[in-house]
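Coordinate-derived values only; no laboratory data. Computed from a predicted model, the values in this text were never measured in an experiment. All Cβ positions, even for glycine, are placed from backbone atoms using ideal geometry, and neighbour counts span all protein chains on display.
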Amino acid sequence: MKKFIILLTIIPVLIGSSLEAQNKGATCYQTQIDSICKAVFEEWNIPGMAVVVIKDGKELHLGGYGKTSYDSQGTKVTPETQFVIASTTKAMTAALLATLADKGEIKWGDTVINHLPDFKLYDPWVTQNFLIKDIMVHKTGFRAYATDDLPHFGYDRDEIYTLLRHIQPTYSFRTTYAYNNAMYTVAAKIIEKYYGMSWDDAIAKYLFEPLEMHSSTTGKNAYHTSARLAKGHRHFKDGDSIRFELRRDTTNGYRWLSAVAPAGFAVTTVKDMGNWLRMHLGKGEFNGRKFLSKESHSYLFNPQTITGADSGSIYNYAQGWTIEQGPNGRMVRHTGLAYGYTALVTFLPSQNLGIAILTNAGNTTNPHMAIAREVSELIAGTDTRDWRKHYMDAFMNTPARRDDARKEDSIAPKRLDLYTGTYYKADFGEAKVTLENGELQFSIKKVNVALSHKNGNVFTMVVPGAGTIEVEFFPGTNVPFESLTFNIGDPIGRFYKNPI
């Protein structure tokens, strides 16, 4: 009996000691993680940043640093501060498609036209054979960032979906990785069809609500109205230092982000992102409830496209995620960068560890990667390199872009009034060229800008958000000029004075 009493006395002591040790360990990690975050925040001169670290389903760190903006309206960043999360939205759109797979509405191997009869790409064979699993893995055949300039002209999400049929491919289908935002509008169309509501409403009802992400929404509902949304800043090198300044181009930002919303316009907090990470670390389960089946959840991370390799790792793209397979195991991640906001969401299954880092500083996600690498190695008990120095050196030593374009022999233009007229292309609409006060003006959709002569029948225009765009005119048989095209990097074909 005495032995039994002694054992009963010892067991609570041992349990208490174990819990105390765990708590001390967690507290130690929290202090060290906070130190890493503060150091990176200060080294990179970031205006505002929020970080959440989830380990074994629990918050290991949750913190805010800096200010929501550096103007008179700026307040302290907290875990409840909202940020635009840019391309980390892609994984959420992919998860919504996976919920439809669980419901039996779609199969990843289905052709897109089986669900969207109006879907059309430039090549008829590709259109007929394009599968749902092809939509989000960046092997469509387009050049990188195809159609990204079109929102700056005023084309919206639905119009860009239609314009995909005019974009001539640069590569053969399924052969080459080329990152792209526009194809996520196709995924959104499928989501909208089966949920019977807009993508914005579907992500709120079928993702944010079940994952209890109560402060999450989309830019449509927050960009101009939420007092909790941090303001975007430019973030750039200035000699040997890094500076930032508040972005003022919010009209252009909203227009562009709205047009690619399923690829980049979710708005959330790190507090909510903790739940997003918990679901993934739980292999589709959240708070004891199934959000995704294990099969659908696993499929999201099946490598689909090789994106690169180095001496230690190989990189693949899956359904809205980058998969890095290296000597320390698998790192699932995605970065985001758009209009003064940057984000990183990552989890390491072998460590049961998830990290989300959101900032209101544009230009690079190197500081995010430095934090993620340092934190994961801290918890793993490894120390392979000084990641803060590695990512800072990579950023600061990037050479400035050089303009290697040769100066062309200048050929005078024809009489300016000969270029004027209304040019038309199906689905793109009308492009008007007028002569005002001795200067050519080009207008299409929301763009109305001056044309400057470059060489021969080639002119340039400066489109806010898109930069300098070339416009080329082509002579006709019965008229001085019968057609034109403008160079947005994608071969879009010609606009004709007499529609053909």
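Things worth noting here:
- Value at 222 nm in deg cm²/dmol, rounded to 500, when DSSP H runs of n ≥ 4 in the chain each add -39,500 (n - 2.57): -9000 deg cm²/dmol
- Using alpha-carbon coordinates, inclination of helix 387-396 to the longest axis of the chain, degrees: 20
- Rg/Rh (Cα only; Kirkwood hydrodynamic radius) as it applies to segment 143-186: 0.95
- Per-pair calculated FRET efficiency, R0 = 51 Å: Leu131 and Ser350 via Cβ, rounded to 0.05: 0.95
- The three principal axes of the Cα atoms in the chain give end-to-end lengths of 112, 54, 46 Å, sorted in falling order.
- Packing-based ranking, highest mean first, of 392-398, 158-164, 186-192, 257-263 given that Cβ atoms within 10 Å are counted: 257-263, 186-192, 158-164, 392-398
- Once the mean of 1/r is taken over each pair of separate Cα atoms and inverted, segment 416-496 shows a Kirkwood hydrodynamic radius of 12.8 Å.
- Its relative contact order, with pairs defined as Cα atoms under 8 Å and 6+ residues apart, puts the chain at 17 percent.
- Other residues within the sphere of radius under 12 Å centred on the Cβ of Phe291, judged by their own Cβ, net out at +1 (K and R +1, D and E -1).
- Between helix 90-102 and the chain there is an angle of about 80 degrees, using the helix long axis and the longest principal axis of the Cα atoms.
- Footprinting exposure proxy for Cys28, Cys37 (fewest neighbouring C-beta atoms within 10 Å first): Cys28, Cys37
- Packing-based exposure ordering (other Cβ within 10 Å, fewest first) of Phe474, Phe153: Phe474, Phe153
- As a rough footprinting exposure proxy, the listed residues Ser69, Ser298 were ranked by other beta carbons within 10 Å of their own, and the order from fewest upward is Ser298, Ser69.
- Here the convex hull built on the C-alpha positions of segment 319-422 has a volume of 201 cubic angstrom per residue.
- Under the criterion of Cα pairs below 8 Å and six or more residues apart, the relative contact order for segment 79-227 equals 27 percent.
- Spin-label pair Asp386/Asp110, simplified geometry with 7 Å Cα→Cβ offset, distance in nm: 5.4
- Peptide packing for 334-343, 198-207 was compared via the average number of neighbouring C-beta atoms within 10 Å per residue; ordered from the highest value, the list is 334-343, 198-207.
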